[in-house]
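Remarks on the structure that follows.
The values are calculated or read from the model by the stated rules, or taken from the named source; none is laboratory data. Note that the structure is a prediction, hence the values are computed from the model and not measured. Methodologically, a virtual Cβ is constructed for each residue, glycine included, from the backbone with ideal geometry; neighbour enumeration extends over all protein chains shown.
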Amino acid sequence: MTPRRLRQFLALIEHAHFGRAAKALGVSQPALSKSLQLLERELGVILFHRGREGIRLTAFGVLLREKSQRLLMAEEDLRRDLALLAQGGSGSLKVALGPYPSITIGFASLARLHACHPHIKITAHVAGWAEVAQQVAAGEVDLGIAEISHLRGREEFACELLGEHAGRLFCRPGHPLLAQCLSLSLAQTLDYPWVASRIPLRLATHLLPVNMGCTGVFDAENGDFVPAIEVNVPMQMMAFVENSNALALGCLSIFERELMAGDIVALPLQDPVLRTHYGFIHLKERSLPPAVHLYMQEVRAMEDHIGQRERQLVNLMDLEQ
């Protein structure tokens, strides 16, 4: 099953006639017929019903038609990236980033990649974790980095867990909760709106109470937790926290600068609110170009650095692990 035979197979479908397909391909009709017979023999199935009216695809032929286009596209992508790499470039990269990974590792790793490989063409954007998976499935991006807990059982995806970060609540200095006690329970925070992106069902149902008070609501259709103030750009959460009693949900690395400057405070909760499970998302059947592998290396290195830094911040601020 070679690319040449797959192209012959698709050409026969397009022209619906061995003679016309052979002419379009620049081969003889007997040579085309023999080549496709060898393809059928190798696969062990019949791809066409042959008759006086022409050819008609069998169920096996329909399946091969669906897969052939993707296989040939992957081959073209690979040849393109190999040529670019041989010429001193490293191809292109299209990536979709979930809200929190975009702040922690996504764009910072892109900057490091560009510094080492300035010829790579980079396209990156931020989307909700569900949209990231959809764009990967549709082939709109090569790679996604987002929450992967909701993708268990999705056989089309290959996922690699990158980080498990403690999700914490943050508030402005002088917030009423800070005056109550040195150690707070989650129940004591439910009178205040939360600022965050939506939380997947698999995380929300296991770690959050059914009645979330003023913090937000559970989506009746899919079970996701939707915070009272839903944002997909975590860096904008500070605007709400600084000017109200809203509580921001995030991890230490997102707010490190504000924490060190004293502009924001991590609530002294007895336990983390939740733990993130974000990672790489790509299609199993699609080979990744060189630029994607280079980017993934940078992301893994950045994730290790952030994990070490968050452990230092936990000790520095005397927080629970």
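Inspection of segment 203-211 finds no residue satisfying the criterion of being without any contact (Cβ under 8 Å) to a residue 40 or more places away in the chain, at positive phi and not assigned by TED's automatic domain parsing to the domain that holds V299. If you filter segment 22-33 down to residues that are of a type outside the set (A, V, I, L, M) and part of a helix (DSSP H, G or I), you find that the one that is surrounded by the most Cβ atoms within 10 Å (Cβ to Cβ) is S33.
Among the residues of segment 287-300, those that are in a helix (DSSP H, G or I) and either without any contact (Cβ under 8 Å) to a residue 24 or more places away in the chain or closer than 15 Å to I122 by Cα (or both) comprise P290, A291, V292, H293, L294, Y295, M296, Q297, E298, V299. State the number of residues belonging to segment 18-47 that are in contact with a Gly (Cβ under 6 Å, 6 or more places away or on another chain) and in contact (Cβ under 8 Å) with a residue 12 or more places away in the chain. The qualifying residues number 1. Out of segment 140-157, which residues are in contact with a strand residue (DSSP E or B) (Cβ under 7 Å, 6 or more places away or on another chain), more than 14 Å from R275 (Cα to Cα) and not small (G, A, S)? Selection gives V141, D142, L143, I145, L151, E156, F157.
Of all residues in segment 21-28, one or more are in contact with a Pro (Cβ under 9 Å, 6 or more places away or on another chain) and in the same structural domain as A74 (by TED's automatic domain parsing).
Selection over segment 264-321 of residues that are closer than 27 Å to Q236 by Cβ, hydroxyl-bearing (S, T, Y) and touching a Leu at 6+ places or on another chain (Cβ under 7 Å) gives a count of 2. Take the conditions outside any loop (DSSP other than H, G, I, E, B) and out of contact with any Asp or Glu (no Cβ under 9 Å at 6 or more places or on another chain) and apply them to M260. Does it pass? Here the answer is yes, as M260 does meet what is asked. Within segment 278-287, restricting attention to residues that are buried (at least 21 other Cβ atoms within 10 Å of the Cβ) and out of contact with any Phe, Trp or Tyr (no Cβ under 9 Å at 6 or more places or on another chain), the residue that is farthest from E156 (Cα to Cα) is G279. Looking at V265, is it of a type outside the set (D, E), in contact with a strand residue (DSSP E or B) (Cβ under 7 Å, 6 or more places away or on another chain), surrounded by fewer than 20 Cβ atoms within 10 Å (Cβ to Cβ) and in the same structural domain as T189 (by TED's automatic domain parsing)? It is false that V265 is of a type outside the set (D, E), in contact with a strand residue (DSSP E or B) (Cβ under 7 Å, 6 or more places away or on another chain), surrounded by fewer than 20 Cβ atoms within 10 Å (Cβ to Cβ) and in the same structural domain as T189 (by TED's automatic domain parsing). Residues being acidic (D, E), part of a helix (DSSP H, G or I) and within 30 Å of H293 (Cα to Cα) are entirely absent from segment 8-21.
Within segment 155-198, the set of residues being free of Cβ contacts under 8 Å to residues at least 12 places away in the same chain and either more than 18 Å from L269 (Cα to Cα) or not in a loop (DSSP other than H, G, I, E, B) (or both) comprises A179, Q188.
When you scan segment 267-286, do you find a residue that is farther than 26 Å from T123 by Cβ and free of Cβ contacts under 8 Å to residues at least 40 places away in the same chain, even just one? Scanning segment 267-286, I find no residue that is farther than 26 Å from T123 by Cβ and free of Cβ contacts under 8 Å to residues at least 40 places away in the same chain, so the answer is no.
Applying the criterion of being basic (K, R), in a helix (DSSP H, G or I) and at pLDDT 80 or above to the residues of segment 65-97, the residue that is nearest to the chain's Cα centre (by Cα) is K67. All of (1) of a type in the set (A, V, I, L, M, F, W, C); (2) at pLDDT 90 or above; (3) out of contact with any strand residue (DSSP E or B) (no Cβ under 8 Å at 6 or more places or on another chain) hold for I105 with one exception: (3).
Annotation: R275 fulfils all but one of (1) modelled with pLDDT of 85 or more; (2) within 21 Å of H150 (Cβ to Cβ); (3) surrounded by fewer than 17 Cβ atoms within 10 Å (Cβ to Cβ); the unmet one is (1).
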